[in-house]
Amino acid sequence: MSKHDMRIGLIGAGRMGADHARRIHERISGARLAAVGDPDADRARAAAADTGARVSTDPGEVITSADVDAVVIASPGHTHEALLLAALERRIPVLCEKPLAPDAESAQRIVAAEADTGRRLIQLGFMRRFDTEYAHLKQVLRDQELGAPLLLHCTHRNPAAPPEFTDEMMIYDSVVHEVDTVRWLLDSEINAVSVRAPGRSTRTARGLTDPQLVTFETSDGALVTVEIFVNCGFGYQVRCEAVCEDGTANIGAESGLVRHGSHGWGGAVPAGFPERFGPAFDLEVQRWVEAARDGEVVADAANTWDGYAAASACAAGVRAQNTGDRVPVPLGEKPKLYTA
Ligand code: ISE
């Protein structure tokens, strides 16, 4: 490790935080893990083990500490606003896991605080933007290789949701990825959201409506369907088919190794998001480190405005779930900082 390595403070040592701790220690160059902050000392110690990072039970202290040059925030969404405002106050770069904030009002306050600094300091952890297949699809759509996109059909299946998962989390925690990828792929805002559900899967936990079918209408007139199925039982599938004027493009078909044998033929379905998006997470963090060391931001990554737009679309999605109505997505005025 070079003495010029960027010293990262990691906030939150749950599943995602622990994963980032390993990633930074083992695979990221130009940075090292300096501190891990989590109110649960055992969890913080476990994530920091063998990395040389110090442990703190006070995440706020990690952000203000002089031994930290930049922070990765992987704590629960409701803690993000206070942590992000503290990092903005110190003008240090941040990689914040989604969601930016649990509601649009909180997200808007973060946008305003960052705009006041006059600098973009926050990158939001929407890792799909760093996935090879998504990047390829983005290029095909941007270059209009198949003409203008008309429809996107997205599939988002998880093998099993945690017992505490709710209908609202299906939007805020899961569909939020489609909200971001759709805005990014189509370079268009989501204007309205509708949600419908078929009869429940018998695998569904009590109280959860699973699967659900979410529809987005975009400002360019495209229509998007999202199947969200968080207890599909058999693996992790994230797919997207773009239907364009002159053809279609598909990603997520798991077309890796295909075996043929006496019992038939087939391949593997990824077990979860770390398997499906592992390389994308690595690239996301590596590019953030490189940009932050140069005092810059990753141009194509999700920024604070994207986080706010996602929060607003998710709020509309939850209202659509509750009312059965088509719910418009309100968006405030975009500060100049995010138009460049
Ligand atoms: C989880 O939080 C993620 O971010 C995964 O990518 C997503 O597939 C899952 O539905 C979420 O719960």
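FYI, it's all coordinate maths here, none of it is from the lab. Remember, it's a predicted structure, so these values are computed and weren't measured experimentally. Methodologically, a virtual Cβ is constructed for each residue, glycine included, from the backbone with ideal geometry; neighbour enumeration extends over all protein chains shown.
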Under 27 Å between alpha carbons - lysine pairs in the chain that sit 8 or more apart or on different chains: 5
Among Gln212, Gln321, Gln144, which one moves the most in a GNM of the chain with springs linking Cα atoms closer than 10 Å? Gln144
Give a residue-ordered list of calculated ³J(HN,Hα) values for segment 47-58 (Karplus: 6.51 cos²θ - 1.76 cosθ + 1.60, θ = phi - 60°; whole Hz; x for Gly, Pro). 5, 7, 3, 6, 9, x, 6, 7, 10, 9, 9, 10
What residues of segment 229-249 lie in the reach of a label at His263, counting those whose backbone N is under 16 Å from a point 7 Å from the Cα along Cα→Cβ? none
Amide H of Leu150: which non-local residues (sequence gap of 5 or more, or other chain) have their own amide H closer than 5 Å, using H built in the peptide plane? Val243, Cys244, Glu245
Which angle from 0 to 90°, rounded to the nearest 10, does the C-alpha axis of helix 132-142 make with the longest principal axis of the chain? 70 degrees
Simple Cβ-charge dipole of segment 1-92, Lys/Arg +1 and Asp/Glu -1, about Cα centre, in debye nearest 20: 320 debye
Give me the distance between the Cα centres of segment 97-133 and segment 26-67, rounded to whole Å. 22 Å
Specify the angular offset, from 0 to 90 degrees and rounded to the nearest 10, of the alpha carbon long axis of helix 15-26 from the longest principal axis of the alpha carbons in the chain. 60 degrees
Starting from 0.36 nm per residue, how many nanometres of slack lie between Ala135 and Leu213 once their C-alpha separation is accounted for? 25.6 nm
Please report the net charge: other residues with Cβ closer than 12 Å to the Cβ of Ala13, K and R +1, D and E -1. 0
How would segment 103-252 be classified by its alpha-carbon gyration tensor: rounded, prolate or oblate, with rounded meaning a/c under 1.5 and the a/b versus b/c comparison settling the rest? oblate
If you take the Cα Rg of segment 1-140 and divide it by 2.2 N^0.38 Å, with N the number of residues, what do you get? 1.05
Show me, for segment 93-104, the HN-Hα J-couplings you get by feeding each phi into the Karplus relation (A = 6.51, B = -1.76, C = 1.60, θ = phi - 60°), rounded to Hz, glycine and proline as x. x, 10, 10, 10, 5, 6, x, 4, 7, x, 8, 5
Within the chain, helix-based [θ] at 222 nm, where runs of 4 or more DSSP H residues each add -39,500 (n - 2.57), nearest 500: -10500 deg cm²/dmol
Apply 1/(1 + (r/R0)^6) to the Cβ-Cβ distance of Asp325 and Thr225, taking R0 = 22 Å, and write down the FRET efficiency to the nearest 0.05. 0.80
Angle check, please: helix 304-323 long axis (alpha carbons) against the longest principal axis of the chain (alpha carbons), in degrees 0 to 90, nearest 10. 40 degrees
Given H placed on each backbone N at 1.01 Å, which residues far from Val230 in sequence or on other chains put an amide H within less than 5 Å of it? Asn158
Could you compute the FRET efficiency for Asp187 and Glu290, with r as their C-beta to C-beta distance and R0 at 30 Å, rounded to 0.05? 0.80
Inter-site label distance for Arg91 and Thr204 at 7 Å from Cα along Cβ, in nm: 5.2 nm
If you count, for each residue, the other Cβ atoms within 10 Å and average over each peptide, how do 6-17, 243-254 line up from highest to lowest? 6-17, 243-254
Net dipole in debye of the chain [+1 Lys, Arg Cβ; -1 Asp, Glu Cβ; about Cα centre; nearest 20]: 540 debye
Which of Thr215, Gly247, Gly278 sits closest to the plus end of the dipole of the chain, meaning its Cα is farthest towards the positive end, when Lys and Arg get +1 and Asp and Glu get -1 on the C-beta? Gly278
Pull out the extension gain between Ser29 and Thr166, defined as 0.36 nm times the separation in residues minus the alpha carbon to alpha carbon distance; nm, one decimal. 45.5 nm
Take the alpha carbon atoms of segment 185-238, find their center, do the same for segment 275-329, and report the distance between the two centers in whole angstrom. 17 Å
Mind giving me the nanometre distance, one decimal, between the label points for Leu150 and Asp116, set 7 Å out from Cα along Cα→Cβ? 4.8 nm
Computed over the chain, the relative contact order (Cα-Cα under 8 Å, seq sep at least six) in percent reads 19 percent
Farthest toward the dipole's positive end in the chain, which of Ile171, Met6, Ile24, given Cβ charges of +1 (Lys, Arg) and -1 (Asp, Glu) about the Cα centre? Ile24
Classify segment 92-166 from the C-alpha gyration tensor, please: rounded if a/c falls under 1.5, else prolate or oblate depending on whether a/b exceeds b/c. oblate
Cα centre as origin, Lys/Arg/Asp/Glu Cβ charges: segment 209-328 dipole, Debye: 440 debye
Say the dipole of the chain comes from +1 at the beta carbon of Lys and Arg and -1 at that of Asp and Glu; which of Gly324, Ala291, Gly307 then lies farthest toward its positive end? Ala291
For the pair Glu275 and Arg22, what calculated FRET efficiency results from E = 1/(1 + (r/R0)^6), where r is the Cβ-Cβ distance and R0 = 25 Å, to the nearest 0.05? 0.95
